[in-house]
Amino acid sequence: MYLKFNWHQMLRLFFNKINLKPATLAVLIQAVAFFFVFSFAWIVKSQSLYVISAMPMWFISFLVLMQATVAAWFANITNMAKWWRWIHFIFPLAVWVMSQLHVPNAIYLIGFLLSLSLYWTTFRTQVPFFPSTAAVRQQVLTFIPQHQPMRIIDIGSGLGDMSMYIAKVRPDCLVNGIEIAPLPWLISVVRAKLKGSKADFRIGDYRLLNFANYDLIFAYLSPAAMSDLWQKAQAEMRSGALLISYEFEIEGVESTEVIQAGDNEKMLYVWKIK
Ligand SMILES: C[S@@+](CC[C@H](N)C(=O)[O-])C[C@H]1O[C@@H](n2cnc3c(N)ncnc32)[C@H](O)[C@@H]1O
């Protein structure tokens, strides 16, 4: 019987089988793409492969473009999120352009340290920094009953705007923020000091908090975090407490309320714990 050799399916099977975290998968994809590109270059130009300077510029540029395309294609067949495909495509091109610009090494170090302090363990938590807007803050405020002070926390508080806004408008509430990345946390602490805000910011992982200590938990995280968040909320939040998520639903769990956070804004999903 004739068996068709299907590269596409074989690669998908290979990548799916090893079931890696996105960041590890991304490194593997670039490595496998590099292997393909290197093999191609070896076949086409074996004599001069060890002397990059001997290769014509157009050929090196072609190889870089090939690396970018193959990596983006692998990201596509492994079903990585769309933005990862763009990262895979742009990364080899950016490395090539930067190497041509002869940027001093210190700039790379500064860039690395800045990214590290801003994004910290995003590659593990899969929750990047991205601030919500004033419209979202105003909507969240509407869930705090008039004469009923609440204990409120923004899990993944970023630069602290949500907590500081609520603390200002509802000084009767106890408002906290917890942030895992050092730079946003530090900025939120300094801003709170300068503004004289009552909001309290701590650095840490919300997954280690006891959710029973809060009446309202606001989350603007990512789809990857939602299932675990729900498990924790169900296990720890007291009956009647509110879990509010901006933009991201919990798969298979119907929310108590869904409202649009404002014109051109995404949805706010609210779960009242039973
Ligand atoms: C999309 S931003 C939202 C920022 C802020 N809540 C807002 O609405 O503007 C998500 C934030 O959560 C932080 N984060 C991610 N995982 C976290 C964790 N496990 N514990 C605490 N913060 C976390 C990220 O560093 C990032 O700053």
Inset, instruction - Quick one: count up the residues across the stretch 19-50 that are modelled with pLDDT under 90 and either surrounded by 10 or more Cβ atoms within 10 Å (Cβ to Cβ) or not in a helix (DSSP H, G or I) (or both). - result: 17
Legend entry - Hits in the stretch 126-176 (condition: over 19 Å from Tyr269 (Cα atoms), near the ligand (Cβ under 7 Å from one of its atoms) and small (Gly, Ala, Ser)): Gly158
Legend entry - Whichever residue in the stretch 238-274 is in contact with a strand residue (DSSP E or B) (Cβ under 9 Å, 6 or more places away or on another chain) and basic (Lys, Arg) and, among such residues, is nearest to Ala212 (Cα to Cα): Lys272
Legend entry - Subset tally (residues that are in contact (Cβ under 8 Å) with a residue 40 or more places away in the chain and within 9 Å of the ligand (Cβ to nearest atom)) for the stretch 206-222: 7
Legend entry - Meets criteria (more than 8 Å from the ligand (Cβ to nearest atom), surrounded by 13 or more Cβ atoms within 10 Å (Cβ to Cβ), not assigned by TED's automatic domain parsing to the domain that holds Ala224 and not hydroxyl-bearing (Ser, Thr, Tyr)) for Leu183: no
Legend entry - Selection count, the stretch 223-233, where residues are within 11 Å of the ligand (Cβ to nearest atom) and in contact with a strand residue (DSSP E or B) (Cβ under 7 Å, 6 or more places away or on another chain): 1
Inset, instruction - Kindly provide the set of residues from the stretch 162-173 that are in contact with a helix residue (DSSP H, G or I) (Cβ under 9 Å, 6 or more places away or on another chain) and either on the phi > 0 side of the Ramachandran plot or not small (Gly, Ala, Ser) (or both), ordered by number. - result: Met162, Met164, Tyr165, Ile166, Lys168, Val169, Arg170, Cys173
Legend entry - Looking only at the stretch 222-274, and only at residues there that are part of a strand (DSSP E or B) and not aliphatic (A, V, I, L, M), the one that is surrounded by the most Cβ atoms within 10 Å (Cβ to Cβ): Ser245
Legend entry - Residue, farthest from the chain's Cα centre (by Cα), within the stretch 202-214, restricted to residues that are buried (at least 17 other Cβ atoms within 10 Å of the Cβ) and under 20 Å from Phe248 (Cα atoms): Phe211
Legend entry - Evaluation of Pro184 against (1) modelled with pLDDT of 95 or more; (2) more than 22 Å from Cys173 (Cα to Cα) (one fails), failing number: (1)
Inset, instruction - Being closer than 25 Å to Leu229 by Cβ, away from the ligand (no atom under 16 Å from the Cβ), in contact with a helix residue (DSSP H, G or I) (Cβ under 8 Å, 6 or more places away or on another chain) and not assigned by TED's automatic domain parsing to the domain that holds Met164 narrows it down to one of Trp120, Trp84, Trp96, so name that one. - result: Trp84
Inset, instruction - Look at Ala199 and say whether it is surrounded by 20 or more Cβ atoms within 10 Å (Cβ to Cβ) and modelled with pLDDT of 95 or more. - result: yes
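The values are calculated or read from the model by the stated rules, or taken from the named source; none is laboratory data. Owing to the predicted nature of the structure, the values given are computational and were not obtained by experimental measurement. Here the Cβ is made from the backbone with ideal geometry for all residues, glycine too, and neighbour counts use every protein chain on show.
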